[in-house]
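Student: Attaching a single structure in structure tokens format; questions to follow.
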Amino acid sequence: MAEPPDDDEGPLVLSSAALDALKEFYVDRDARQKQFEDLKAVAESGHDEATASYKPLSMEAFAEDWNESQFWYSDDTAVALAEELLAGATVETTIAVVSAPSVFVQIKNLLAKEGKPEKERPKISLLEFDKRFEVFPEFVFYDFKAPLKLPPALKGCATRVICDPPFLSEDCQTKAALTVRWLSKAWNTDDYRLIVCTGERMESLINKLYRPAVGGSGGIKKVDEDSEEDFRGRSF
């Protein structure tokens, strides 16, 4: 028969290494919360007001959640994608960013850097599952499991779309493609741009899902991240 624990042993005491790790965790948590509050303040201050003393937005306030298949792009990659979506954009352009918040953040940074007032900028929507991004007025809640459960005003509005389906499964990729089709203003036009970011093993499925969607002179073309080619009008 096991003996009962000896209450005289006293409370458990963490080692110095464990205490240091715990302190570091709380410091990081508090710093991230401060970044998030600062980001929220900028987002709520309005575009024109924020531009006057603009501090570039960062994804550091949003920790990746691997359980939700969140893996942010590097700044260089996000900027490259944002630049492709903005190239030649006008006030008539509508950009839909689907499950790619790091690209959305860089689009915001590039537009702010240009210094144009809100009325002279292209329209942007961020379709995203993570409600932390509600700090941005462009946020629209999006769950790929309900691909068409979106505000009716978004139907057929987008002239440029970037989509990064969160999971490498046929179900997720197919439903994300339904969303892209629903959002897009027109197919087979030279000014329509679609960037689909996904794993290489999804290539054949992507070709099947999007081939009718991206016509014009470009068609669908795979582009690796380190390629010197541009991404316009292409899936990769």
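Student: Which one is nearest to P147 (Cα to Cα) among residues in segment 172-209 that are surrounded by fewer than 21 Cβ atoms within 10 Å (Cβ to Cβ) and of a type in the set (F, W, Y)?
Tutor: My answer is W182.
Student: For the condition surrounded by fewer than 20 Cβ atoms within 10 Å (Cβ to Cβ) and touching a residue at least 12 places away in the same chain (Cβ under 8 Å), what is the one hit in K108, K149, K155?
Tutor: After ruling out the rest, the residue left standing is K155.
Student: Restricting attention to segment 161-176, does a residue exist that is at pLDDT 95 or above, of a type in the set (S, T, Y) and either touching a Leu at 6+ places or on another chain (Cβ under 6 Å) or under 23 Å from A82 (Cβ atoms) (or both)?
Tutor: Checking segment 161-176: not a single residue is at pLDDT 95 or above, of a type in the set (S, T, Y) and either touching a Leu at 6+ places or on another chain (Cβ under 6 Å) or under 23 Å from A82 (Cβ atoms) (or both).
Student: L127 is checked against (1) in a strand (DSSP E or B); (2) out of contact with any Cys (no Cβ under 9 Å at 6 or more places or on another chain) and fails just one. What number does that condition carry?
Tutor: Exception for L127: condition (2).
Student: Oh, and also: Go through the residues of segment 100-113 one by one and say whether even a single one is small (G, A, S), modelled with pLDDT of 95 or more and part of a strand (DSSP E or B).
Tutor: no
The values are calculated or read from the model by the stated rules, or taken from the named source; none is laboratory data. This one's a predicted model, so the numbers in the text were calculated from it and none came from an experiment. A quick note on method: Cβ atoms are made from the backbone with ideal geometry, for glycine too, and the neighbour counts reach across all protein chains shown.
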